[in-house]
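> Structure incoming, see below.
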Amino acid sequence: MNKKLGLIVNPIAGIGGRVGLKGSDGEEILNRAKELGAQPEAPRRTVDALKGLVPMKEDIELITYPYEMGEDEARKCGLSPIVIGEIKKGETSATDTRNAAREMLRLEVDLLLFAGGDGTARDIYSVIGDKITALGVPSGVKIHSAVYATSPRNAGELAAFYLGGKSSEVRLSEAEIMDIDEQSFREDRLSARLYGYLKVPYMKRMIQCAKAGGCAGEQQALNGIAADVINNMETECLYIIGTGTTTRAIMEQLGLKNTLLGVDAVYNGKLVGSDVNEAQLLQMVEEKKAKIVVGVIGRQGYIFGRGNQQISAKVIKKVGKENIIILATLDKITTLKDAPLLVDTGDEEIDKHLSGYVQVISGLGERIVLKIEY
Amino acid sequence: MKSLPNVRKYHSQVWSEPVIMELGRKGERGILIPEAEDAIKTHVGQIQSLIPENMRRKTAPDLPEVAQPQVLRHFLHLSQMCLGMETNIDAEGTATMKYSPKVNEALVRLPEMAEIHPCQDEETVQGILEIIYKLDLFLREISGMDHFTFQPPGGSMATYTNANVFRAYHADKGEGTQRDEIITTIFSHPCNAATSATAGYKVITLMPRKDGYPDYDALKAAVSHRTAGLMITNPEDTGIYNPDIKEFTEVVHKAGGLCFYDQANANGILGITRAKEAGFDACHFNLHKTFSSPHGSFGPGSGAYGVREQLSKYLPRPVVSYDGEKYHLDYDRPDSIGKVREFHGNIPAVLRAYAWIMSLGAEGLVEVARTSVLNNNYLTKMLEQIKGTKRYYAPGEYRLEQERWSWEKLTEDTGVGTMDIQRRIVDYGLQSFFMSHHPWIVPEPFTPEFCESYSVDDMEYWCAVLEKISDEAYSDPELVKTSPHCAPIHLVKYEDLDKPDKWAITWRAYLKKKGKVILERS
Amino acid sequence: MPTNKPFIHPYIPNSAPGIKADMLKEIGIKDVEEIYEVIPEHLRLKRKLNLPEAHPSEYELKRHVKGILSENKTCESYLNFLGGGCWQHYVPSVCNEIISRSEFLTAYGGTPYSTFGRMQAQFEFQSLMGELVGMDVVSEGSYSWGTVAGNAIRMACRMTDRLEVLIPKNISPERLATIHTFCRSAQEKNNILIKGIEYDLETGLMDLRDLKDKISQQTAGIYFENPTFLGSIESQAEEISEIAHSRGAESIVGVDPISLGVLAPPSDYGADIVVGNAQPLGVHMNYGGGLFGFIASRDEERYVAEYPSWLISIGETAEEDEYGFGFTRFERTSYIGRDKSKDFLGTVAGLWTIAAAVYISLMGPKGFQEIGETILQRAHYAIDALSEVSGVKVLFPKNAFKEFVVNFDETGKSVKAINKALLDFNIFGGIDLSEDFSELGNSSLYCVTEIHSKQDIDRLAKSFKEVLAK
């Protein structure tokens, strides 16, 4: 049976970048961008990605939205897509993206390829959650989300590998959707949030004849990290468990309810706070010794200031630098390439205080030394 | 740049050889066994009575029955579909694929080596004990260490031996429990991390600086009263020599830790610089890399492990000693860590290393090092001309031994990755190159090493093949991606090999999973 | 003597001065020294290495090395009865021929395309050994019997999440010392505790009462061997496995594979993990360098996941009807797992693995049956012949396979003295057990294989008489 590939292009993604506008969210910005003579990036990048799928066109059923939302790009590559839905040519919006995603979910596509930026990823995520596998073609101005492949070509190749089932190197992983508030971005004030996780394919390349094992590696590493943290847990100490999938493993092993996108608090093996905010945290650390446990945002390297603003500069200051436990698998660390870990608490003094070398827990009894910068 | 030679037409032999289990017919014999003399048979009587009934084999093992010429032919066919170092230009980096002199092979096959038993009386093995003792002396001189053992039968086993020696040392000082961490770098051989963990240590891994050099500040942040020791390679996997190596060992010593130098590959620094002067307490050499013992289709190797005086008493027992007249096996070593393998190690490798050093002498060893680094830097000049390549890190700096390169640019441009090229190179009769140890910090990596055994023509030919493949990647990427085309077999479906219902690690498992009835051999 | 002559060596093509000059010019430097500037001055060795005068000509080198080796007395020129985990069996010429091939001798890692032949040959070893031990998963050859026994025990500990192993005291001291190393941890709480199980001084077999006393819910596995180091066939094997299983422990069995044409495969008596020494299968003793081990088990994912070893699987390729080979679950190994790997591996015993594949192929089912029979017959003949010598007693004579314990208590002579005296008869007497097995008195372990003729055995018995009469 042929595999179903969904394609959604946010044609205006990336339009702001070349003209120095940070993002394309909102009609006013879009109009300003057009006035400045901006050209959309997404269609060209989508074509680059689709080229990688041309050799297997007989084996896939390409389903997409009309005109610039996928149809045009597909035809440009000589592909014959099944076109669904309706849009107003030249006037697409986030609503169209979400409508398209809804259709793709209903049709149970095997993979949803989408081109856009962080805003597009959020729109798609709000509809599909973790129900279908998706992969982003990086086209937007803001790419903070790990759901995007490293390049359009890479997205195409990965999609081909995934759909072709030809390589055991392709795994599924949960990748972060990050977005920043565009208003503050344009004002050079960053405030990013972790919106959730999409199920994306990724390639894990290893030595030895292009092959790797099953998915055991990553999960084993996460379990090891969690076991290490739990083995060293002290009594009479509050553990502030940060957001994300790495810290989730700890909560799972402790048998506690986890808030994936929020901060939880554990004390003597019991959950004492679920999805707590800054004020609650400040109150908790006022009376108790505390430790902060955080993961690392993939490809970005942030440990504070992205997706976990609840653990604010004030909280960090009270808890103390020596009580911060940082977790990351070796795979995640290699996605950072040569980049350091980053902090952005909004308080430069705290950021400076946090910078320097730290030992990151990467498995049971395993540490990797990384540098924090700000 | 000078023009490179033409690439040869090549095709591997393709025998489509059956698995041995499919060969032969019932009743064929490959070799006959010396039957017991009649007098013995008569004396002992019924064979069955010699085995307790419940321990007798009920059904004969389902082995093939193949006559001698056919067994020989089968394995000759297999050998013809295997690129040994001696049959091609083998640039597998970090492995030092050097020439294993044939005269040494003749020596190890003598009964004076092959047909001696490890428990023979010392008096009857004075020859081999002398060889072992003298190679120990040679390696002491080459490294500055004070005592070597050859018991570890491979490089990883030598690093494991080291982790055990570190443990014994700290336990003796009453700090065994406290010092439970070993520090390594991501560009050191992965066995340093693996064997430390097997020996029960927590492992701290240092990431490199942006320019690829080991990060001294990261080391400082990692050492503490919990540090048992440092276990690193230098030059690292990348070929970059760490100029701060002495500072590295000093900061570890200051914290009370020990330092181990993984010198599996020491080819570029023989007679140039030594472990002792860099402050190391222990090191190891792979006799199957630097010292010419053949790699043998992955072993047996030998990890010669040496230590400074203060660690000598912990070496595995026995060690070979010399009283001025006779050589002895000294078992009386109460502080020894015990054994890492039965008996004395892979001694033929010791004999080969001895003969290799005796052929070259002090002058020759330095010549080996100098020629190796000359070769590798000459290679750099040619490789950097090839479209799509990039030598990673530390631009402008010379490398010793291997070099870490990247096809990242080529991959971005064409979609052809290093693994595709690693297969395609076989189509030109060359051994697949070494890419990188895991994880890939450098994208699309490859790591050539041209040790002293290779001629200028060899290197130019190798580069000509890479240039050809680079051209192919730009003009016809599918050709490279679907390779190999001239190898014994085509692209393997690896994904099956990791699935429990598909993998077949023996023929009997294969037949079961294929649903094939085991046919009676006709 | 002036030494201005350029150093040119046949192993180093580019040692020729003209070639070197061209290369330097291409790199743009005057001397290799410029490359070595990456090494700080204070770390440079500023003198010549102090090594003996070399023998650069092949003739002189060969003569020199052979001269030293001639001090060795070999098991070809002497009659040898030493065994104990390194055994003298006949090595067929085809084995020597195949592993002398450059293609195998000098290959290394490569890929399934470049070193296809070695991967198939090593898969064949796994397949052939699988038939002998009766298991569907067999590893490629590894360092030694002792190291794979250590690996197997660690596998059992990880699988059961327990940290204790039971080992009978009739095990080789060399092997036990190796296992001890694998059981030790830098973090004391993670040490694997080895509990010794007594053996019966009448039979040489495991004392099951002691086993039942010592086994508990903490026991990860029982490791025992068949035949035992002291030579006996462990006939209670099935019961031992049952005792292990009753407490949720693994039954780990070490074997001498040359016995498996006549002795039951460990799968018959409940073994979960099998290890052994494959040196007897086509590899010369090499002063102990010929040793290599293997691990085997049933084909279950929970076992496969714990192997530290190379596991080569047969599979398919892009071409129809073509066998391909590759590694199964490579991420287990230290090459990928680093500090998360299952123990470690490296350059292990590839060439010996191929030698053993050739050996088993040559032997076939009939060969294994016959060699087992001939060894049994010769060993039992030897037991009787030696027992007839006054003062000499063979312990546990009934259960022997190819080795047996000879006791000299009544002769008043030490094993050491007897062995020294036997050297005058060009005989290597058995391994001295008197220190490691003091409970057996003044005893020695003798090994008889297919290579020992009646005449050889009679000569030993006669030499005994003469030595003991003195």
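> Would you confirm whether any residue within the stretch B:464-481 is closer than 12 Å to residue B:423 by Cα, within 7 Å of another protein chain (Cβ to nearest Cβ) and free of Cβ contacts under 8 Å to residues at least 60 places away in the same chain?
no
> Of all residues being surrounded by fewer than 24 Cβ atoms within 10 Å (Cβ to Cβ) and among the acidic types (Asp, Glu) in the stretch C:143-200, which is nearest to residue C:403 (Cα to Cα)? Just the residue, please.
The selected residue is C:200.
> Would the stretch A:29-41 turn up any residue that is touching a strand residue (DSSP E or B) at 6+ places or on another chain (Cβ under 8 Å), modelled with pLDDT of 75 or more and within 22 Å of residue A:100 (Cβ to Cβ)? Walk me through how you get there before you give the answer.
Taking the stretch A:29-41 first, the residues touching a strand residue (DSSP E or B) at 6+ places or on another chain (Cβ under 8 Å) are none.
No; the residues of the stretch A:29-41 include none that is touching a strand residue (DSSP E or B) at 6+ places or on another chain (Cβ under 8 Å), modelled with pLDDT of 75 or more and within 22 Å of residue A:100 (Cβ to Cβ).
Listed here are the residues, each with its yes/no results for (1) farther than 29 Å from residue B:196 by Cα; (2) within 14 Å of another protein chain (Cβ to nearest Cβ); (3) in contact (Cβ under 8 Å) with a residue 60 or more places away in the chain.
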{"site": "A:279", "(1), (2), (3)": "yes, no, no"}
{"site": "A:288", "(1), (2), (3)": "yes, no, no"}
{"site": "A:299", "(1), (2), (3)": "yes, yes, yes"}
{"site": "A:305", "(1), (2), (3)": "yes, no, yes"}
{"site": "A:329", "(1), (2), (3)": "no, yes, yes"}
{"site": "A:355", "(1), (2), (3)": "yes, yes, no"}
{"site": "A:364", "(1), (2), (3)": "no, yes, yes"}
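> Being under 26 Å from residue C:122 (Cβ atoms) and either acidic (Asp, Glu) or not in a loop (DSSP other than H, G, I, E, B) (or both) is the filter here; which residues of the stretch B:11-40 pass it? Break it down stepwise before answering.
We begin by selecting, within the stretch B:11-40, every residue under 26 Å from residue C:122 (Cβ atoms); these are B:11-25, B:28-31, B:33.
Answer for the stretch B:11-40, where residues must be under 26 Å from residue C:122 (Cβ atoms) and either acidic (Asp, Glu) or not in a loop (DSSP other than H, G, I, E, B) (or both): B:17, B:20, B:21, B:22, B:24, B:28.
> Moving on to the next point. Would you check which residues across the stretch C:89-98 are more than 7 Å from chain B (Cβ to nearest Cβ) and either of a type in the set (A, V, I, L, M, F, W, C) or in a loop (DSSP other than H, G, I, E, B) (or both) and list them?
C:89, C:90, C:91, C:95
> Counting just the residues of the stretch A:241-267 that are in a strand (DSSP E or B) and without any contact (Cβ under 8 Å) to a residue 40 or more places away in the chain, which one comes out farthest from residue A:310 (Cα to Cα)? Don't jump to the end; show me each part of the working.
If we filter the stretch A:241-267 for residues that are in a strand (DSSP E or B), which is where we start, we get A:241, A:263-267.
This time we only want the ones that are without any contact (Cβ under 8 Å) to a residue 40 or more places away in the chain, so: A:264-267.
Details: A:264: 10, A:265: 12, A:266: 16, A:267: 18 Å.
Out of the qualifying residues, it is A:267.
> Same structure again: What tally of residues in the stretch B:62-102 results from selecting those that are more than 7 Å from chain C (Cβ to nearest Cβ), more than 25 Å from residue B:365 (Cβ to Cβ) and in contact with a Lys or Arg (Cβ under 7 Å, 6 or more places away or on another chain)? Walk me through how you get there before you give the answer.
Step one: filter the stretch B:62-102 for residues more than 7 Å from chain C (Cβ to nearest Cβ), giving B:67, B:69-70, B:73-74, B:76-77, B:88-91, B:93-94, B:96, B:98, B:102.
From what's left, more than 25 Å from residue B:365 (Cβ to Cβ): B:67, B:69-70, B:73-74, B:76-77, B:88.
Narrowing the set further to residues that are in contact with a Lys or Arg (Cβ under 7 Å, 6 or more places away or on another chain) leaves B:67.
Residues in the stretch B:62-102 being more than 7 Å from chain C (Cβ to nearest Cβ), more than 25 Å from residue B:365 (Cβ to Cβ) and in contact with a Lys or Arg (Cβ under 7 Å, 6 or more places away or on another chain): 1 in total.
> What single numbered condition from (1) more than 10 Å from every other protein chain (Cβ to nearest Cβ); (2) more than 30 Å from residue C:44 (Cβ to Cβ); (3) at pLDDT 95 or above fails to hold for residue B:344?
(1)
> So residue B:422 clears everything in (1) facing chain C (nearest Cβ under 9 Å); (2) out of contact with any strand residue (DSSP E or B) (no Cβ under 6 Å at 6 or more places or on another chain); (3) surrounded by 24 or more Cβ atoms within 10 Å (Cβ to Cβ); (4) part of a loop (DSSP other than H, G, I, E, B) except one condition, right? Which one?
(4)
> Considering only the stretch B:211-226, I want to know if a residue exists there that is within 14 Å of chain C (Cβ to nearest Cβ), closer than 30 Å to residue C:181 by Cβ and out of contact with any strand residue (DSSP E or B) (no Cβ under 9 Å at 6 or more places or on another chain).
No, the stretch B:211-226 contains no residue that is within 14 Å of chain C (Cβ to nearest Cβ), closer than 30 Å to residue C:181 by Cβ and out of contact with any strand residue (DSSP E or B) (no Cβ under 9 Å at 6 or more places or on another chain).
> Given (1) hydrophobic (A, V, I, L, M, F, W, C); (2) closer than 27 Å to residue C:308 by Cα; (3) free of Cβ contacts under 8 Å to residues at least 24 places away in the same chain, where does residue B:183 come up short, assuming only one miss?
Here residue B:183 clears every test but (3).
> Being part of a helix (DSSP H, G or I) and more than 8 Å from chain B (Cβ to nearest Cβ) is the requirement here; does residue C:357 meet it?
For residue C:357, the condition - part of a helix (DSSP H, G or I) and more than 8 Å from chain B (Cβ to nearest Cβ) - is not met.
> Another question, then. Given the residues A:359, A:310, which is the only one that is of a type outside the set (Lys, Arg) and away from every other protein chain (no Cβ under 14 Å)?
Working: A:359 fails: away from every other protein chain (no Cβ under 14 Å).
Only one candidate qualifies: A:310.
> If you check B:484, B:445, B:500, B:488, which single one turns out to be within 30 Å of residue B:208 (Cα to Cα) and either touching a residue at least 12 places away in the same chain (Cβ under 8 Å) or at the interface with chain C (Cβ under 8 Å from one of its Cβ atoms) (or both)?
Values: B:484 fails: within 30 Å of residue B:208 (Cα to Cα); B:500 fails: within 30 Å of residue B:208 (Cα to Cα); B:488 fails: within 30 Å of residue B:208 (Cα to Cα).
None of the other options fit; the residue is B:445.
> Please specify each residue of the stretch C:244-263 satisfying the condition of being surrounded by fewer than 24 Cβ atoms within 10 Å (Cβ to Cβ) and of a type in the set (Gly, Ala, Ser).
C:246, C:248
> State whether the residues of the stretch C:183-202 include one that is farther than 28 Å from residue B:331 by Cβ and in contact (Cβ under 8 Å) with a residue 40 or more places away in the chain. Steps first, answer last, please.
Just the residues of the stretch C:183-202 that are farther than 28 Å from residue B:331 by Cβ, to begin with: C:187, C:189-190, C:200, C:202.
When the remaining residues are screened for being in contact (Cβ under 8 Å) with a residue 40 or more places away in the chain, the result is C:202.
Yes, the stretch C:183-202 has at least one match.
> Would you tally the residues in the stretch C:334-343 being part of a loop (DSSP other than H, G, I, E, B) and in contact with a Pro (Cβ under 6 Å, 6 or more places away or on another chain)? So that I can check it myself, show each step before the final result.
Keep residues of the stretch C:334-343 that are part of a loop (DSSP other than H, G, I, E, B), which gives C:341-343.
Still in the running and in contact with a Pro (Cβ under 6 Å, 6 or more places away or on another chain): C:342-343.
Within the stretch C:334-343, residues that are part of a loop (DSSP other than H, G, I, E, B) and in contact with a Pro (Cβ under 6 Å, 6 or more places away or on another chain) number 2.
> A further question follows. Give the residues of the stretch C:213-240 that are among the hydroxyl-bearing types (Ser, Thr, Tyr), in contact with a helix residue (DSSP H, G or I) (Cβ under 8 Å, 6 or more places away or on another chain) and away from chain B (no Cβ under 12 Å), sorted by residue number. Can you show your working first?
Looking only at the stretch C:213-240, we keep the residues that are among the hydroxyl-bearing types (Ser, Thr, Tyr), and these are C:216, C:219, C:223, C:228, C:232, C:235.
If we keep only those that are in contact with a helix residue (DSSP H, G or I) (Cβ under 8 Å, 6 or more places away or on another chain) as well, we get C:219, C:223, C:235.
Matches in the stretch C:213-240: C:219, C:223.
> Another question about this same structure. So which residues in the stretch A:263-309 are more than 20 Å from residue A:328 (Cβ to Cβ) and under 25 Å from the mean Cα position of the chain (by Cα)?
A:265, A:274, A:275, A:276, A:277, A:278 - these are the residues of the stretch A:263-309 that are more than 20 Å from residue A:328 (Cβ to Cβ) and under 25 Å from the mean Cα position of the chain (by Cα).
> Out of B:378, B:354, B:393, B:398, I need the residue that is farther than 26 Å from residue C:436 by Cβ, at the interface with another protein chain (Cβ under 10 Å from one of its Cβ atoms), part of a loop (DSSP other than H, G, I, E, B) and in contact (Cβ under 8 Å) with a residue 40 or more places away in the chain. Which one? Before the answer, list the steps.
On the way: B:378 fails: part of a loop (DSSP other than H, G, I, E, B); B:354 fails: part of a loop (DSSP other than H, G, I, E, B); B:398 fails: in contact (Cβ under 8 Å) with a residue 40 or more places away in the chain.
Among B:378, B:354, B:393, B:398, only B:393 is farther than 26 Å from residue C:436 by Cβ, at the interface with another protein chain (Cβ under 10 Å from one of its Cβ atoms), part of a loop (DSSP other than H, G, I, E, B) and in contact (Cβ under 8 Å) with a residue 40 or more places away in the chain.
> Another question, then. Which condition from (1) over 29 Å from the mean Cα position of the chain (by Cα); (2) at pLDDT below 95 is the one that residue C:392 breaks?
(2)
> Could you list, in sequence order, all residues of the stretch B:69-93 that are crowded, with 24+ Cβ neighbours inside 10 Å and of a type in the set (Val, Ile, Thr)?
Correct list: B:71 only.
> Then there is this: Sort through C:348, C:275 and tell me the only one that's within 24 Å of residue B:200 (Cβ to Cβ), at the interface with another protein chain (Cβ under 7 Å from one of its Cβ atoms), crowded, with 24+ Cβ neighbours inside 10 Å and among the aliphatic types (A, V, I, L, M). Reasoning before the result, please.
Numbers: C:275 fails: at the interface with another protein chain (Cβ under 7 Å from one of its Cβ atoms).
It is C:348.
> Can you tell me which residue within the stretch A:95-135, out of those that are modelled with pLDDT under 90 and not in a loop (DSSP other than H, G, I, E, B), is surrounded by the most Cβ atoms within 10 Å (Cβ to Cβ)?
Of everything passing the filter in the stretch A:95-135, A:118 is surrounded by the most Cβ atoms within 10 Å (Cβ to Cβ).
> Picking from B:254, B:276, which residue would you name as being surrounded by fewer than 23 Cβ atoms within 10 Å (Cβ to Cβ), of a type outside the set (A, V, I, L, M, F, W, C) and more than 14 Å from chain C (Cβ to nearest Cβ)?
Values: B:276 fails: more than 14 Å from chain C (Cβ to nearest Cβ).
It is B:254.
> Being facing chain B (nearest Cβ under 9 Å), within 19 Å of residue B:40 (Cα to Cα), surrounded by fewer than 23 Cβ atoms within 10 Å (Cβ to Cβ) and not aliphatic (A, V, I, L, M) is true for just one of C:366, C:398. Which residue is that?
Values: C:366 fails: within 19 Å of residue B:40 (Cα to Cα).
The conditions single out C:398.
The values are calculated or read from the model by the stated rules, or taken from the named source; none is laboratory data. For clarity, every value in this text was computed on a predicted model and none was experimentally measured. When we count neighbours, we look across all protein chains shown, and the Cβ atoms used for this are built from the backbone with ideal geometry, even at glycine.
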